[in-house]
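**Q** First, the structure itself, so that you have it in front of you.
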Amino acid sequence: MRKLILQMQTSVDGYVSAAQEDLDWQVWNWGPDWNWDPALREYFNSVFDNVGTILLSRPMIEEGYLDHWRRTAEQHTGDPEYRFARKITDVEKVVVTSKRLSSRWDKTTIANGDLGDVVRKIKQGDGSNIITFGGTRFAESLIRHGLPDELQLFVNPTAVGAGGSIFGSAQNNGLRLAHIASQAYACGIVVNRYALKN
């Protein structure tokens, strides 16, 4: 069984997006100025070193995720700190959607169907880890179905007050997590890793 990692940036008060859309709350907003410290960059790359498939939502791919990282990989050819961007370009991508979508992206499969069924089938296949990111509703749906094996929450040193949460399905019954590890980094981010308790 392959491991599914859900990796999200969050605020210190637990939101993965801010209600105030123009609020600059992430230490790194995925732009050209990568201001994470070297140790966090290396950790981020090390996660991708063990990834064989990237699981994406339709909105994320339509908003330019793959195009952005392809350009980034081309701009940083040979730079070891950007090997994650080359990995995004090189590995298999699966886009889960209930709507018709034609793929114009290399090594990308469009998977129509029930989210739980599609992801369980991918996890039962051969290969290394699967990584996924969001957005908010996609990540929340994955958690509601009990699909991630590990949550990696990159907690930014910012409170946003209100916004989107990936834990909406926990409102009625709660959600118990098993702590795996935590690590603080010089740029202010703390990476908390959890497993879902079944």
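The values are calculated or read from the model by the stated rules, or taken from the named source; none is laboratory data. Source: prediction; values computed, not measured. As a convention, Cβ positions derive from the backbone with ideal geometry for all residues, glycine included, and neighbour counts pool all protein chains shown.
**Q** Is it the case that some residue within the range 8-31 is within 20 Å of G127 (Cβ to Cβ) and in contact (Cβ under 8 Å) with a residue 24 or more places away in the chain?
**A** No, the range 8-31 has no match at all.
**Q** Could you tell me whether I166 is of a type in the set (A, V, I, L, M, F, W, C), crowded, with 19+ Cβ neighbours inside 10 Å, in contact with a helix residue (DSSP H, G or I) (Cβ under 8 Å, 6 or more places away or on another chain) and at pLDDT 95 or above?
**A** no
**Q** Further question: Quick test for you: out of A178, A139, A159, pick the one residue that is within 16 Å of M60 (Cβ to Cβ) and either in contact (Cβ under 8 Å) with a residue 12 or more places away in the chain or part of a helix (DSSP H, G or I) (or both).
**A** Only one candidate qualifies: A139.
**Q** State whether one or more residues within the range 98-116 are modelled with pLDDT under 90, part of a helix (DSSP H, G or I), in contact with a His (Cβ under 9 Å, 6 or more places away or on another chain) and not hydrophobic (A, V, I, L, M, F, W, C).
**A** No, the range 98-116 contains no residue that is modelled with pLDDT under 90, part of a helix (DSSP H, G or I), in contact with a His (Cβ under 9 Å, 6 or more places away or on another chain) and not hydrophobic (A, V, I, L, M, F, W, C).
**Q** Does K87 qualify as being in contact with a Phe, Trp or Tyr (Cβ under 7 Å, 6 or more places away or on another chain), at pLDDT 90 or above and among the basic types (K, R)?
**A** On the way: in contact with a Phe, Trp or Tyr (Cβ under 7 Å, 6 or more places away or on another chain): yes; at pLDDT 90 or above: yes; among the basic types (K, R): yes.
Yes: the conditions hold for K87.
**Q** The conditions are (1) over 16 Å from the mean Cα position of the chain (by Cα); (2) modelled with pLDDT of 95 or more; (3) crowded, with 16+ Cβ neighbours inside 10 Å, and L153 fails exactly one of them. Which is it?
**A** (1)
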